[in-house]
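Peer 1: I have a structure I would like to understand better, so I am pasting it below and will then ask my questions one at a time.
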Amino acid sequence: MHFINPFKGLRPAENKASSVTIPSTDQLSKEVIANHKKNNPWSYLNIFNPDSENSKSQNEINAQAKKQFELMKNQSVLTKDNINSFYVYKISTKNHSQIGIIGTAKLSAYDNLHIRGHEEIYFERSQKRFDQINNLNAQIGPIYVIHPDNKTLNELIEKQTSSKPVYSFNALDECKHELWVVSEQNTVLKISEIFNKINRIYIADGHHRIEALSKLAEFRKHQNPNHTGQEPYNYFMVAIFPKSQARILDYNRLVKDLYGYSTKNFIKEVKKKFLIKKHDSAYKPNKPKSFGMFLEKNWYSIELKNKPEENLFHIINLDINLLHYYLLEPILGIGDARYDNRIDFIAGYHGLESIEEKVNSGEASVGFSLFATQMEDVISFADKKLTMPPKSTWFDPKPLDGLVAYDFE
């Protein structure tokens, strides 16, 4: 088998793709989720966000999800391809587009670090994913990964997109999603051979899902006395995009209070370490190691007066860490951002006005806008086998769940 392989995808009927597929629910309000479920009975939201969640046991919820999934297959809402294929996948926003490949990789490549991650794994989140995948016997959404740019692969993919896509629709995430099925065997083989030469990819989004899939493979292996290592559960589905096309947005910070400081005294403390400049409009940093700060209806730019300490710089070269080490922790008393309930996070796709709204409403006392984490940082951390701090990256746009699913049958 190759590093990246074709598979027989489980896909929605062409006329139902927009109503079946779902984006990350992190991007959706409760109202949007409720309305979409109500108007789209075949949506995967009816499997992953059942209305009965608070009134039934987890076993009953799982049984209901499994029943709904099987019904979607029996009613031909979902059908499985007959030929092992790759899937060329294009996602477009108003000002950005990216084209990649959906295929499968062997889980041993993750264990052997040919597939590298940068996030810390939390047991409860991976266990929840494990239960979902094991219950449905399928991986509904791909792991979003990045590959080093390859001119030959890019040219091959561009050629495939010259024909009409199987799907082309705008989804709940307000992005356009297009898919082409590549089943011609010579082309399939070429794609696999190119990825064999690349031989390393980086997880952008889906760390807990891949950890769950890895555990599932071990679980199924122990259940199967005739295990060979080639069973479908030994593989997982990936959506692979070139490094140059993947986009990381800023991931901004909100702090609920000023730790007892008056506004005047807080700014006085910040000035000890930072240069502060007041701005007439929202301030979004355009370079590393500078930050925006919104406080009492005013925007400021803040920038460290001195270079970070040398013994720290190679460890905390991320803007997120610099802000924490020099301001959030010593001035505002923020501890571990994973557990401190005084800090909140807001993804850049919401815009800087979302920071203003939270502070003006009193939900937060101060907000900070950051320069987006760079792809080179993600790769550097992954190559060094280090984990990035929480809420470091917001990859956008993201692949949909359910556009192509991978079952283990």
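The values are calculated or read from the model by the stated rules, or taken from the named source; none is laboratory data. This is a predicted model, so every value here is computed, not measured. FYI the Cβ positions are ideal-geometry reconstructions off the backbone, even for glycines, and counts take in every protein chain you see.
Peer 1: Is it true that some residue in the stretch 341-355 is in contact (Cβ under 8 Å) with a residue 60 or more places away in the chain, at positive phi and among the charged types (D, E, K, R)?
Peer 2: Within the stretch 341-355, none of the residues are in contact (Cβ under 8 Å) with a residue 60 or more places away in the chain, at positive phi and among the charged types (D, E, K, R).
Peer 1: State the number of residues belonging to the stretch 152-167 that are out of contact with any helix residue (DSSP H, G or I) (no Cβ under 8 Å at 6 or more places or on another chain) and more than 21 Å from Pro242 (Cβ to Cβ).
Peer 2: Total satisfying the criteria: 1.
Peer 1: Could you grab me the full set of residues in the stretch 148-160 that are surrounded by fewer than 19 Cβ atoms within 10 Å (Cβ to Cβ) and in contact with a strand residue (DSSP E or B) (Cβ under 6 Å, 6 or more places away or on another chain)?
Peer 2: Listed by number, the list holds a single entry, Asp149.
Peer 1: Continuing with the same structure: Which pairs do you get when a residue that is acidic (Asp, Glu), found in the stretch 127-149, comes within reach of a residue that is surrounded by fewer than 22 Cβ atoms within 10 Å (Cβ to Cβ), reach meaning Cβ atoms under 9 angstrom, with the pair 6+ apart or on two chains?
Peer 2: Correct list of pairs: Asp131/Gln58; Asp131/Asn62; Asp149/Pro242; Asp149/Lys243; Asp149/Ser244; Asp149/Gln245.
Peer 1: Follow-up question, since we're still on this one. Take the residues in the stretch 296-320 that are modelled with pLDDT of 90 or more and out of contact with any strand residue (DSSP E or B) (no Cβ under 8 Å at 6 or more places or on another chain), then tell me which one is surrounded by the most Cβ atoms within 10 Å (Cβ to Cβ).
Peer 2: Glu296
Peer 1: When you scan the stretch 96-103, do you find a residue that is among the polar types (S, T, N, Q) and part of a strand (DSSP E or B), even just one?
Peer 2: yes
Peer 1: Now, a different point. Condition first: under 12 Å from Asp250 (Cβ atoms) and either of a type in the set (Lys, Arg) or outside any loop (DSSP other than H, G, I, E, B) (or both). Now tell me which residues in the stretch 273-289 satisfy that.
Peer 2: Lys284
Peer 1: Quick one: is Tyr144 under 15 Å from the mean Cα position of the chain (by Cα), of a type in the set (Phe, Trp, Tyr) and under 22 Å from Val20 (Cβ atoms)?
Peer 2: yes
Results for (1) aromatic (Phe, Trp, Tyr); (2) in contact with a helix residue (DSSP H, G or I) (Cβ under 8 Å, 6 or more places away or on another chain), shown as yes or no for each residue.
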position	(1), (2)
Val88	no, yes
Ile91	no, no
Ile99	no, yes
Ile102	no, no
Tyr110	yes, yes
Gly117	no, yes
Glu124	no, no
Gln127	no, yes
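Peer 1: When only residues in the stretch 39-86 that are among the small types (Gly, Ala, Ser) and not in a helix (DSSP H, G or I) count, which is nearest to Ser183 (Cα to Cα)?
Peer 2: Ser85
Peer 1: Are any residues in the stretch 163-210 of a type in the set (Val, Ile, Thr) and within 22 Å of Asp81 (Cβ to Cβ), and if so, which ones?
Peer 2: Scanning the stretch 163-210 gives Val166, Val181, Val182, Thr187, Val188, Ile191, Ile194.
Peer 1: Pick from Lys16, Lys30: which is exposed (fewer than 13 other Cβ atoms within 10 Å of the Cβ), farther than 21 Å from Ile133 by Cα and either in the same structural domain as Ile143 (by TED's automatic domain parsing) or of a type outside the set (Lys, Arg) (or both)?
Peer 2: Answer to the check: Lys30.
Peer 1: If I ask for residues that are surrounded by fewer than 16 Cβ atoms within 10 Å (Cβ to Cβ) and either outside the structural domain of Ile343 (by TED's automatic domain parsing) or small (Gly, Ala, Ser) (or both), which ones from the stretch 246-280 would you list?
Peer 2: Passing the criteria: Gly260, Ser262.
Peer 1: Tell me which strands (runs of 3 or more DSSP E) are completely within the stretch 147-230 and hold 2 or more residues being more than 30 Å from Asp26 (Cβ to Cβ), or say none if there are none.
Peer 2: In the stretch 147-230, there are no strands (runs of 3 or more DSSP E) which contain 2 or more residues that are more than 30 Å from Asp26 (Cβ to Cβ).
Peer 1: A further question on this structure: Name the single residue that is nearest to the chain's Cα centre (by Cα) among those in the stretch 1-38 being part of a strand (DSSP E or B) and not charged (D, E, K, R).
Peer 2: Selected residue: Ile22.
Peer 1: Among the residues of the stretch 359-388, write down those that are touching a residue at least 12 places away in the same chain (Cβ under 8 Å) and of a type in the set (D, E, K, R).
Peer 2: Passing the criteria: Glu363, Asp377, Asp383, Lys385.
Peer 1: Follow-up. Out of (1) closer than 23 Å to Leu400 by Cβ; (2) in contact with a strand residue (DSSP E or B) (Cβ under 6 Å, 6 or more places away or on another chain), what's the single condition that is false for Glu211?
Peer 2: (2)
Peer 1: Separate question: Quick one: Lys94 ticks every box in (1) within 21 Å of the chain's Cα centre (by Cα); (2) surrounded by 15 or more Cβ atoms within 10 Å (Cβ to Cβ); (3) basic (Lys, Arg) except a single one, so which number is it?
Peer 2: (2)
Peer 1: Picking from Leu107, Leu45, Leu71, which residue would you name as being in contact (Cβ under 8 Å) with a residue 60 or more places away in the chain and not acidic (Asp, Glu)?
Peer 2: The unique qualifying residue is Leu107.
Peer 1: Given (1) in a loop (DSSP other than H, G, I, E, B); (2) at pLDDT 95 or above; (3) closer than 23 Å to Asp396 by Cβ; (4) not aliphatic (A, V, I, L, M), where does Tyr89 come up short, assuming only one miss?
Peer 2: Here Tyr89 clears every test but (1).
Peer 1: Moving to a separate point now. Given the criterion buried (at least 18 other Cβ atoms within 10 Å of the Cβ), assigned to a strand (DSSP E or B) and among the aromatic types (Phe, Trp, Tyr), identify the matching residue among Phe345, Phe368.
Peer 2: Answer to the check: Phe368.
Peer 1: Still on this structure: Exactly one of these conditions fails for Ile302: (1) under 20 Å from Leu370 (Cβ atoms); (2) in a loop (DSSP other than H, G, I, E, B). Give me its number.
Peer 2: (2)
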